[in-house]
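What follows is a short report on a single structure.
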Ligand code: ADP
Ligand code: ADP
């Protein structure tokens with residue numbers, strides 16, 4: 001029961017120009033329900049490009065992106081945006097929280113934008129914050145939180161609208177090793193508790209070893225490792 005399927009994904013930047021870069025060359029990936037896959041790749045290999053395509057932030061030059069069995073390439077932009085906001089959650093190396101809003105508000109706002117009533121959105125935000133151990137920081141702005149706490153809040157925001165797939169680009173890459181380990185545990189608990197599927201790019205082989213499966217992005221294709 002694949003929740004995300006990428007087939008024959010091609011991506012070329014600056015086609016025909018002297019600085020042409022053929023980043024993806026037939027990348028394939030199938031993510032089934034509840035599966036957590038690590039994507040390991042050196043910098044510049046194209047993992048951000050692949051995550052942007054899987055996350056409907058960018059379109060491939062060729063190939064097929066299916067989410068929940070639906071071929072999203074054929075859909076109008078408005079429908080793609082709706083899928084991005086509803087079915088997908090994003091986490092980056094830096095938290096990208098809104099600085100003027102509290103942790104709680106940062107998790108509530110995407111739910112309000114999706115039509116959830118305020119009271120219900122706040123209850124869900126508090127439950128999420130509690131599940132990653134930062135409930136007592138709910139009313140602090142991001143600048144008042146530690147790096148690890150900021151990332152935990154960012155995970156909660158990614159989960160706010162109950163996505164089916166989490167896409168994460170070096171989610172703990174900005175943290176010291178010990179914090180990274182604990183914050184990663186919190187992320188994995190959150191993912192497991194919600195039965196979410198996740199594609200997580202990381203340089204950290206110890207973290208990759210704790211996921212269900214590992215793939216390497218190599219010469220523009222995804223290759224199973226182990
Ligand atoms: P990674 O996330 O693995 O570091 P990226 O997907 O960011 O890799 O980039 C892969 C390659 O594509 C790099 O050589 C990068 O410079 C190039 N690239 C990425 N985005 C663009 C863009 N918008 N325009 C031109 N080249 C790009
Ligand atoms: P990351 O640190 O996640 O690998 P990058 O530094 O590769 O991210 O890219 C950050 C953003 O900059 C991406 O959205 C990508 O589209 C853009 N980008 C990356 N490389 C280039 C490039 N050579 N030319 C233009 N845009 C680029």
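Read-outs throughout are calculated quantities, based only on the coordinates presented, and are distinct from any laboratory measurement. Please read all numbers here as calculations on a predicted model, not as lab measurements. Cβ placement follows ideal geometry from the backbone for every residue including glycine, while neighbour counts extend to all protein chains displayed.
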Next item on the list: Taking every pair of Cα atoms in region 9-73, average 1/r, invert it to obtain the Kirkwood radius, and report Rg/Rh to two decimals.
Entry: 0.99
Check: 222 nm [θ] for the chain, helices only, -39500 (n - 2.57) per DSSP H run of 4+, per residue, to 500?
Finding: -11000 deg cm²/dmol
Item checked: For peptides 29-36, 176-183, sequence by mean Cβ density within 10 Å, most packed first -> 29-36, 176-183
Next item on the list: Run the numbers on region 36-191 and let me know its relative contact order in percent, using alpha-carbon pairs under 8 Å that are six or more apart.
Entry: 28
Checklist line | Angle in degrees between helix 77-87 and the longest Cα principal axis of the chain, rounded to the nearest 10 | finding: 50
Margin query: Between region 149-163 and region 37-109, how far is it from one alpha carbon centroid to the other, in angstrom?
Written below: 14
Item checked: Share antiparallel - DSSP beta bridges, the chain, percent rounded to 5 -> 55
Check: Quick one: helix 118-131 against the long Cα principal axis of the chain, what's the angle to the nearest 10°, folded into 0 to 90?
Finding: 80
Next item on the list: Enter the angle in degrees (range 0 to 90, nearest 10) between the Cα long axis of helix 103-113 and the first principal axis of the Cα atoms of the chain, meaning the one along which they spread out most.
Entry: 60
Check: How do 3-10, 63-70 rank on mean C-beta neighbours within 10 Å, highest first?
Finding: 3-10, 63-70
Notebook entry, point to check: Hey, what's the Kirkwood Rh for region 1-117 if you take every pair of different alpha carbons, in angstrom?
Noted result: 16.1
Check: Can you tell me the Rg and Dmax of the chain, counting just the alpha carbons, in angstroms?
Finding: 17.4, 55
Next item on the list: Could you work out the Rg to Rh ratio of region 116-204, with Rh taken as the Kirkwood radius (inverse of the mean 1/r over all Cα pairs)?
Entry: 0.95
Checklist line | Ranked list, fewest to most other Cβ atoms within 10 Å of each Cβ, for 226, 71, 77, 28 | finding: 226, 77, 71, 28
